[in-house]
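Step one of this worksheet: look at the structure below.
The values are calculated or read from the model by the stated rules, or taken from the named source; none is laboratory data. Since the model is a prediction, treat every value here as computed from it, not as a measurement. All Cβ positions, even for glycine, are placed from backbone atoms using ideal geometry, and neighbour counts span all protein chains on display.
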Amino acid sequence: MYVCVCHAVTDRDIARAAADGARTVRDLRESLGVASSCGRCAQCAHACLKEASAAPHRTIPLLHVAGDGLGQREFATA
């Protein structure tokens, strides 16, 4: 849903900003422009930020990112 119509910011944008470290509406204002024009979105943006910050963060197991840790890879050869 659109939270800030002035800057076309959605609740998903706010969730991404929270995952990237945004903790306050000021952080959202600096990164996304939220509540920097008319200000009507400030309360909704704060609620979305609070909800996103409370949600468990999705993690990727380190093994999947780093490989098997042994430096060995299997490659198909043509």
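Go over the candidates Ala52, Ala8, Ala22 one by one and state the one that is surrounded by 13 or more Cβ atoms within 10 Å (Cβ to Cβ) and modelled with pLDDT of 95 or more. Working first, answer last.
Working: Ala52 fails: modelled with pLDDT of 95 or more; Ala8 fails: surrounded by 13 or more Cβ atoms within 10 Å (Cβ to Cβ).
None of the other options fit; the residue is Ala22.
Could you please give the count of residues in segment 31-48 that are under 15 Å from Arg12 (Cα atoms) and either of a type outside the set (Ser, Thr, Tyr) or touching a His at 6+ places or on another chain (Cβ under 7 Å) (or both)? Walk me through how you get there before you give the answer.
Of all residues in segment 31-48, those under 15 Å from Arg12 (Cα atoms) come to 31-34, 41, 44-48.
Adding the requirement that they be either of a type outside the set (Ser, Thr, Tyr) or touching a His at 6+ places or on another chain (Cβ under 7 Å) (or both) leaves 32-34, 41, 44-48.
Selection size over segment 31-48: 9.
Residues in segment 22-40 that are not polar (S, T, N, Q) and not in a loop (DSSP other than H, G, I, E, B): Val25, Arg26, Asp27, Leu28, Arg29, Glu30, Leu32.
Before we move on, is His64 assigned to a helix (DSSP H, G or I) and at pLDDT below 95? Criteria met by His64.
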